[in-house]
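Right, one structure below, let's go through it.
The values are calculated or read from the model by the stated rules, or taken from the named source; none is laboratory data. From a predicted model like this one, the values you see are computed outputs, not experimental measurements. Cβ placement follows ideal geometry from the backbone for every residue including glycine, while neighbour counts extend to all protein chains displayed. Side chains included, ligands, DNA and RNA excluded: accessible areas come from the protein's heavy atoms. Shrake-Rupley method; radii C 1.70, N 1.55, O 1.52, S 1.80 Å.
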Amino acid sequence: MRLALFDLDNTLLGGDSDHAWGDYLCERGILDPVEYKNRNDAFYQDYLAGQLNLTDYLNFSLEILAATDMAQLAEWHADFMRDCIEPIILPKALALLQQHRDAGDKLVIITATNRFVTGPIAERLGVDTLLATECEMADGRYTGRSTDVPCFREGKVARLNRWMEENGMNLEGSYFYSDSMNDLPLLEKVANPVVVDADPNLLAEAQRRGWRIMSLRD
C-alpha cells in the first residue's frame with residue numbers, strides 16, 4: 001500500500017492549529033491576552049523563520065494542559081473545533097484526502113503540533129493515523145511535558161521510520177504534502193514531494209528541485 005503523508009497546519013488547514021489554540025485561550029480570557037499572546041506570536045514567528053526552539057515552545061504551550069482537568073480541556077477543545085478549526089478546513093484539502101483514499105493509499109497526518117490539539121482534527125478529517133508530538137500523561141491527566149521524539153524536522157523522519165517498521169510500510173511511491181521549510185528533511189525522503197501554499201524558502205527550494213507545487217486555497 002502506498003503512503004500519502006500530509007502536514008496539517010497551513011497545508012490541510014488554512015491556518016496553524018497550534019497557534020490558533022493559543023489565540024483561543026487568550027480570546028476566552030483563559031490565559032493572559034497580552035503576555036501569553038505576545039509570547040505565542042513570537043514563537044510562531046520563530047517557527048516560520050525556521051528558528052524555533054522546540055523545547056522552549058513545548059514547555060510554554062503544554063503548561064495549560066497540566067494546569068487543567070481533562071473534562072475542562074475536552075469542553076474547551078470542542079469549542080475550539082467549532083469556532084476556530086471548522087472555518088479553516090479547506091474544501092480542496094478534503095478533496096485531496098478523498099482522492100488518495102479512492103486510490104487505495106494509506107493516509108497519515110504527520111505534524112509537529114501536539115496530539116491534544118490535533119487528535120480531534122485528524123478525526124474530523126477522516127484520517128485514522130496521526131503522528132504528532134506526544135503529550136506526557138500521569139494519573140489520568142497531562143503533566144505539561146512532551147514525551148517521545150518530537151515530530152518536528154528530522155524528528156518527523158525518525159517517527160515515520162519507526163512507524164513504518166512497526167507496520168510493514170515503506171516509502172515506495174509515497175507522497176508528502178507540506179507548506180514548510182521545516183519539513184525539508186521528510187520531503188527529501190519521499191518519492192513524490194509536493195509543496196502546498198509554501199513559505200517563500202520552501203517555494204524557492206521546490207522550484208530549484210523541480211518539485212510539484214500546488215495550492216489548496218485558490
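Annotations for the structure displayed:
- Residue check for Met169: modelled with pLDDT of 95 or more, surrounded by fewer than 21 Cβ atoms within 10 Å (Cβ to Cβ) and not in a loop (DSSP other than H, G, I, E, B): no
- Close pairs from region 90-101: first without any contact (Cβ under 8 Å) to a residue 40 or more places away in the chain, partner open to solvent by 80 Å² or more (accessible area, probe 1.4 Å) and in a helix (DSSP H, G or I), Cβ under 9 Å, at least 6 apart: none
- Members of region 172-217 that are touching a residue at least 40 places away in the same chain (Cβ under 8 Å) and open to solvent by 40 Å² or more (accessible area, probe 1.4 Å): Glu172, Tyr175, Met181, Asp197, Asn201, Arg217
- Residue, surrounded by the fewest Cβ atoms within 10 Å (Cβ to Cβ), within region 122-143, restricted to residues that are assigned to a loop (DSSP other than H, G, I, E, B) and touching a residue at least 40 places away in the same chain (Cβ under 8 Å): Gly140
- Helices (runs of 4 or more DSSP H) fully within region 17-111 counting 3 or more residues that are under 28 Å from Val190 (Cα atoms) and open to solvent by less than 20 Å² (accessible area, probe 1.4 Å): 91-102
- Which listed residue, of Leu58, Leu73, is under 26 Å from Val157 (Cα atoms) and of a type in the set (A, V, I, L, M, F, W, C): Leu58
- Top-ranked residue in region 152-190 [being touching a strand residue (DSSP E or B) at 6+ places or on another chain (Cβ under 7 Å) and among the charged types (D, E, K, R); ranked as nearest to Asp16 (Cα to Cα)]: Asp179
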